[in-house]
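Here is the structure we will look at, set down as structure tokens.
Any read-out appearing in this document is the output of simple, stated calculations on the displayed coordinates, not a laboratory observation. For clarity, every value in this text was computed on a predicted model and none was experimentally measured. All Cβ positions, even for glycine, are placed from backbone atoms using ideal geometry, and neighbour counts span all protein chains on display.
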Amino acid sequence: MPAYHSEYNEAAGATLGGCLVLPLKSGPTGPAAISPEEFGSSRDLVDEAIYYFRSNVFFSSFELKGPADLVLVYLTVFMQQCLVRAAGDSAKTKASISSALHALTLTAPAIPGEAGFLVPGPFYAAPAMAEREPMRTYLKQLRVTLVQRLVAIIFDDEDKLSKWWKPFAKRRFMKIEVS
């Protein structure tokens with residue numbers, strides 16, 4: 001069974017460092033426009049990453065089929081990092097986990113070609129000089145949006161990390177180790 005790929009691989013749009021930049025339903029301002037009416041009840045790139053996470057995380061390899069897959073891979077690895085942080089939080093309350101995850105989004109993310117980039121390997125080419133800051137801003141916009149939506153779904157009714165999400169903190173998508 002192959003991994004799930006993005007439905008937006010064939011979509012037309014600008015790219016930054018090879019990653020497709022498409023509008024999002026909600027989130028902070030940035031290179032991706034915020035356009036809730038464009039999606040209605042359908043998923044944007046961030047919703048898609050959350051939706052496919054629990055099945056894609058089991059794969060040790062991922063064949064790229066388009067520029068939206070780069071975004072899907074990046075968000076999957078970042079979501080894995082979020083779940084590792086959430087499962088490792090000693091207080092394990094919604095407030096403490098939420099603040100820890102939001103703290104992850106405050107730092108400027110590393111971009112391809114820099115030390116500390118989440119996805120090692122040949123997936124991403126280092127962006128041109130003119131694309132570096134817009135790409136950093138785009139990745140930060142995606143991270144903030146992902147954390148906002150993830151916090152809303154990974155907790156149970158008692159404000160504890162859901163038993164349906166917690167085990168995925170131990171999985172390693174594409175054998176990538178995150179902390």
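Would you list which aspartates and glutamates come within 20 Å of Lys65, measuring only between C-alpha atoms, while excluding same-chain residues fewer than 8 positions from it?
Hits, sequence-local ones excluded: Glu7, Glu10, Asp44, Asp47, Glu48.
Which order results if Met135, Met174, Met79, Met129 are arranged by neighbouring Cβ count within 10 Å, fewest first? It would help to have the intermediate numbers written out before the result.
Numbers: Met135 24, Met174 19, Met79 27, Met129 7.
Ascending Cβ contact count within 10 Å gives the list Met129, Met174, Met135, Met79.
Structure shown: which of Lys92/Lys140; Lys94/Lys166; Lys92/Lys166; Lys94/Lys175 lie over 20 Å apart, alpha-carbon to alpha-carbon?
Lys92/Lys140; Lys94/Lys175
Select from Val57, Pro112, Ala130 the residue farthest towards the positive end of the dipole of the chain; place +1 on Cβ of Lys and Arg, -1 on Cβ of Asp and Glu, and compute about the Cα centre.
The listed residue farthest towards the positive side: Val57.
Distance between the C-alpha centers of segment 39-78 and segment 114-179? Whole Å please.
Cα centres, segment 39-78 to segment 114-179: 11 Å.
Taking only complete DSSP H runs, can you tell me which helices of the chain stretch 20 Å or more along their own long axis by Cα positions and average at least -1.0 on the Kyte-Doolittle scale?
Span-like helices in the chain: 67-88, 129-153.
For the chain, what is the mean residue ellipticity at 222 nm derived from helices alone (per DSSP H run of n ≥ 4: -39500 (n - 2.57); sum divided by total residues; nearest 500 deg cm²/dmol)?
-14000 deg cm²/dmol
Treat every Asp and Glu Cβ in the chain as -1 and every Lys and Arg Cβ as +1, leave all other atoms uncharged, and give the resulting dipole magnitude about the Cα centre to the nearest 20 debye. Could the numbers behind the result be given before it?
Values: 19 positive and 18 negative charges, 137 e Å.
So the magnitude is around 660 debye.
Normalising by the residue count of the chain, find the relative contact order in percent from Cα pairs under 8 Å and 6+ residues apart.
After rounding, I find 32 percent.
Using modelled amide H (1.01 Å from N, peptide plane; none on Pro or chain starts), what sits under 5 Å from the amide H of Ile34, excluding residues fewer than 5 places away?
Under 5 Å from the amide H of Ile34: Leu24.
Straight distance only, please: which aspartates and glutamates reach the Cα of Lys163 with their own Cα at less than 19 Å, same-chain residues fewer than 8 apart left out?
Lys163 reaches Asp89.
Find the all-direction average of the projected area of the Cα convex hull for the chain, expressing the result in square nanometres with one decimal place.
10.2 nm²
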